[in-house]
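Read the structure below first, then the notes.
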Amino acid sequence: MAEETKILVLGPTGAIGRHIVWASVKAGHPTFTLVRKNAVAIPKPTLITAANPEMLSCFLQGDINDHASLVKAIKQVDVVICAAGRLLIEDQVKIIAAIKEAGNVKKFFPSEFGLDVDRHDALEPVREVFEEKAKIRRLVEEAGIPYTYLCCHAFTGYFMRNLSQLDTTVPPRDKVYIQGDGNVKGAYITEADVGTYTVKAAADSRTLNKAFHIRLPKNYLTFNEVVSLWEKKIGKTLERIYVPEEKVIEQIKG
Ligand SMILES: NC(=O)c1ccc[n+]([C@@H]2O[C@H](COP(=O)([O-])OP(=O)(O)OC[C@H]3O[C@@H](n4cnc5c(N)ncnc54)[C@H](OP(=O)(O)O)[C@@H]3O)[C@@H](O)[C@H]2O)c1
């Protein structure tokens, strides 16, 4: 699969879907989207300036719950990327059925875009989401559908806009709460980069039937390092309040 790979994005108006759509358009792939009746446009991320909107070949009207619309859309493409949100994870059984019926798909990306759901020790309530995603993996494999599981770890727009502080939408300027000792490394990635690397993975045969991890070296940081970067940016030292692991677990179980 290469440049001319035809890509269908399901959930194209969503937080991550829109980045995948425009990254695909920018990379020159014929790009198809399945939109529900009320969707009028795919929001274009501000960083994408070079993309030619004419490459957005097709807005197909449909719904994950409408089998015929799914099959019709899927038959036109090589790769299906599902960026449906958390509430639709289990509904991907309908996409699996449609891909099986269509019979032409060379690669399916189920909606993952997080940690590797076969390798984690998450607690509830996140554990339940990971288990739903893992169940979809098993169904994809049983159905014999070629796949890539995209593991991109933490979105910066999701976790960094408030430095993961509770009950606030902006990053702290006085004191910052840090879980544990703040020395465990985590991988962060902008939503735009998730779009770019997902599209690269879509057109690359090396990702076939694999869990594909994105971990950019400069974005692989401990939380203490993240806080230091923020302090440097605002020119101020914050009070660091460390919340011991047992306390964090207590709060999660709440
Ligand atoms: N790693 C991280 O930090 C992180 C953070 C957040 C999410 N995620 C993961 O990223 C993935 C995508 O989540 P998201 O938050 O980007 O999703 P989202 O913003 O909730 O987007 C959902 C998309 O699904 C579409 N949709 C909803 N119902 C549909 C239906 N019946 N038929 C067809 N389309 C339908 C929506 O279209 P409408 O516009 O029509 O509603 C929208 O485009 C999930 O797997 C989530 O767990 C990861």
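Once backbone amide H atoms are built at 1.01 Å from N, HIS213 has CYS151 as its partners under 5 Å, excluding neighbours fewer than 5 places away on the same chain.
So what is log10(I(q)/I(0)) for the chain at q = 0.09 1/Å, when the Debye sum runs over its Cα atoms only? The calculated log intensity ratios at q = 0.09 Å⁻¹ are -0.44.
For the chain, the 222 nm mean residue ellipticity estimated from helices alone, with every DSSP H stretch of n ≥ 4 adding -39500 (n - 2.57) and the total spread over all residues, rounds to -9500 deg cm²/dmol.
How do the peptides 137-146, 25-34 rank, highest first, by the average count of neighbouring beta carbon atoms within 10 Å per residue? Show your work: numbers first, answer last.
Values: 137-146: 13.6, 25-34: 22.5.
Packing order, densest peptide first, comes out as 25-34, 137-146.
Here the Karplus curve 6.51 cos²θ - 1.76 cosθ + 1.60, taken at θ = phi - 60°, turns the phi angles of the range 160-175 into couplings of 9, 5, 10, 6, 6, 8, 6, 6, 8, 10, 10, x, x, 10, 10, 10 Hz, with x standing for Gly and Pro. Of ALA102, HIS19, VAL184, which is farthest on the positive side of the dipole of the chain, counting Cα position, with +1 on Lys and Arg Cβ, -1 on Asp and Glu Cβ, and the Cα centre as origin? Going by the charge dipole, the pick is HIS19. The mean sequence separation of alpha-carbon pairs under 8 Å and at least six residues apart, normalised by the residue count of the chain, gives a relative contact order of 19 percent.
The phi-based Karplus calculation (6.51 cos²θ - 1.76 cosθ + 1.60; θ = phi - 60°) puts the 3J(HN,Hα) values of the range 93-110 at 4, 6, 5, 4, 4, 5, 5, 4, 5, 5, x, 10, 6, 8, 7, 10, 10, x Hz, whole numbers, x for Gly and Pro. Placing a label point 7 Å from the Cα of ARG173 along the Cα-to-Cβ direction, the residues of the range 198-239 whose backbone N falls under 13 Å from that point are 234-237. How much of the calculated P(r) for the range 184-242 lies past 16 Å, in percent of all Cα pairs? Pairs farther apart than 16 Å: 58 percent. Stretching GLU142 away from ALA154 to a fully extended chain increases their span by 1.5 nm, per 0.36 nm per residue minus the current alpha-carbon distance.
By how many nm would the segment from VAL126 to ASP63 grow when fully extended, if each residue of separation counts as 0.36 nm and the alpha-carbon distance is taken off?
Numbers: separation 63, 0.36 × 63 = 22.68 nm, distance 2.62 nm.
Working it through step by step, the gained length comes to 20.1 nm.
Taking all Cα pairs closer than 8 Å and separated by 6 or more residues, the relative contact order of the range 109-185 comes to 31 percent.
What the Cβ-Cβ distance of GLU90 and LYS233 gives, at R0 = 35 Å and to the nearest 0.05, is a FRET efficiency of 0.30. Each of THR196, THR169, THR237 was scored by other Cβ atoms within 10 Å of its Cβ. Listed from fewest to most, they are THR169, THR237, THR196. Distances between every pair of Cα atoms in the range 140-233, grouped in 10 Å steps from 0 to the bin holding the largest one, split as 14, 39, 26, 16, 5, 0 percent. In this structure the amide hydrogen of PHE113, modeled in the peptide plane, comes within under 5 Å of the amide hydrogens of LEU150, CYS152, none closer than 5 places in sequence on its chain. Evaluating 6.51 cos²θ - 1.76 cosθ + 1.60 at θ = phi - 60° for every residue in the range 181-188, the Karplus couplings come out as 8, x, 10, 8, 7, x, 9, 10 Hz, glycine and proline recorded as x.
The numbers here are math on the coordinates, done by the rules we state, and not lab data. None of the values given here were measured: they were computed from a predicted structure. Cβ coordinates were reconstructed from backbone atoms using ideal geometry, including for glycine residues, and neighbour counts include every protein chain displayed.
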